[in-house]
1. Using a Förster radius of 30 Å, what is the FRET efficiency between THR101 and ASP1 based on their Cβ-Cβ separation? Nearest 0.05, please.
2. Under a point spin-label approximation (7 Å from Cα along Cα-to-Cβ), what is the ALA68-MET290 distance to one decimal in nm?
3. Suppose each label sits 7 Å from its Cα in the direction of the beta carbon; what would the GLU39-VAL283 distance come out to in nanometres?
4. How would segment 1-79 be classified by its alpha-carbon gyration tensor: rounded, prolate or oblate, with rounded meaning a/c under 1.5 and the a/b versus b/c comparison settling the rest?
5. What is the local net charge at GLY59, summed over the other residues whose Cβ is closer than 10 Å to its Cβ (Lys, Arg +1; Asp, Glu -1)?
6. What FRET efficiency comes out for LEU138 versus PHE223 if R0 is 25 angstrom and r is the Cβ-Cβ distance? Round to the nearest 0.05.
7. Within 15 Å, Cβ to Cβ, of ARG27, how many net charges do the neighbouring residues add up to if Lys/Arg are +1 and Asp/Glu are -1?
8. By its C-alpha gyration tensor, with a ≥ b ≥ c as the square roots of the eigenvalues, how is segment 7-154 shaped: rounded for a/c under 1.5, else prolate for a/b larger than b/c, else oblate?
Amino acid sequence: DARGRVTRLNRIAERLTGWGEAEADGRPVGEVFRIINEETRQPAVVPVDEVLRTGNIHGLANHTILIARDGTERPVADSAAPIRDREGRLIGVVLVFRDVTAEREAARALERMNAELEERVAQRTAELAGSERRFENLFEFAPDGMVMVDAAGKIVHVNRQTEQLFGWPRADLIGQPVEVLVPPSARGGHGALRADYAAHASPRAMGAAQPHLRAVRRDGSEFPAIISLSPVESERGLLVVASVRDVTDRHHLEAQFRQSQKMEAIGQLAGGVAHDFNNLLTVINGYAEMLSSQLPPDGPSRDAVREIEG
């Protein structure tokens, strides 16, 4: 309400704060919605107080932690909005908040995967400049599928991870066109993955990881892949080494992260709906109180007004 005291909680708010609606009724919002800054561990400003002070919508700061009644800590986000009567007077605040633990974990997982991918690509590019023997060891035991292609677009060498990734025995792949693994429709700007393409491509274009591609297993099933190309000089002339990574799990994480963003938008929408709905309820309750003061203490009319107020 306008004094900053709790008048109602929904079930999610009860679960996150640990306070039942009956227990929280009439208490200062800062006692029920207890928040701190995650980094400094200092008490944070409750958005409700800011709305009552300024009359404007106020969002939670970054790194906000909600401490439940039992001491459980959760990262939370969202905002508080003013509730006004018909004349525009501030009569209360609606606070909308949610637990963002899952969103944080998904974002951190994506960051770790991106960092790992960049580190491995950079490391592999540097190591491939070493001796032929070292290159062969790296090629064979690399965690990603490695495919070597000549100027005719034929596969000349693969590593053990390629066999596992695509379901092809190594002997059956040697001499085959690279299209059996990466069909033309899925290669984007890589042309035919041929060595003659590498001879004219810039080093930056060859080293960059290409996302949103699809590779094909021996059984015909497809999977999303990131492919990085590197030119290599050999006794057979210029070759291209394609590093192929299955990113199915990463796509699932990205889908979860997009879903969390949708839920955030829904939460913001819910805050606006609650604001408008509370305005309507305020008017109804006000007229019910006025009507109640003008009726006799007992009688059916009084009962009807009580039902409206309930």
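The values are calculated or read from the model by the stated rules, or taken from the named source; none is laboratory data. These figures come from a predicted structure and were not determined experimentally. Glycine also receives a Cβ, built like all others from the backbone with ideal geometry; neighbour counts cover every protein chain displayed. For the accessible areas, the whole protein counts, side chains as well, though only heavy atoms, and no ligand, DNA or RNA atoms are used. Shrake-Rupley method; radii C 1.70, N 1.55, O 1.52, S 1.80 Å.
1. Numbers: r = 30 Å, r/R0 = 1.00.
After rounding to 0.05, the efficiency reads 0.50.
2. 4.4 nm
3. According to this spin-label approximation, the distance is 4.5 nm.
4. Taking the square roots of the gyration eigenvalues as a ≥ b ≥ c, segment 1-79 is oblate.
5. Working: positive: none; negative: GLU50, ASP78.
Residues close to GLY59 contribute a combined charge of -2.
6. Numbers: r = 24 Å, r/R0 = 0.94.
E(calc), rounded to 0.05, equals 0.60.
7. Working: positive: ARG3, ARG5, ARG8, ARG34, ARG69; negative: ASP1, GLU14, GLU21, GLU23, ASP25, GLU31, ASP49.
Charge balance in the 15 Å sphere: -2.
8. Details: a/c = 4.05, a/b = 3.24, b/c = 1.25.
Since a/c reaches 1.5 and a/b is larger than b/c, the shape of segment 7-154 is classed as prolate.
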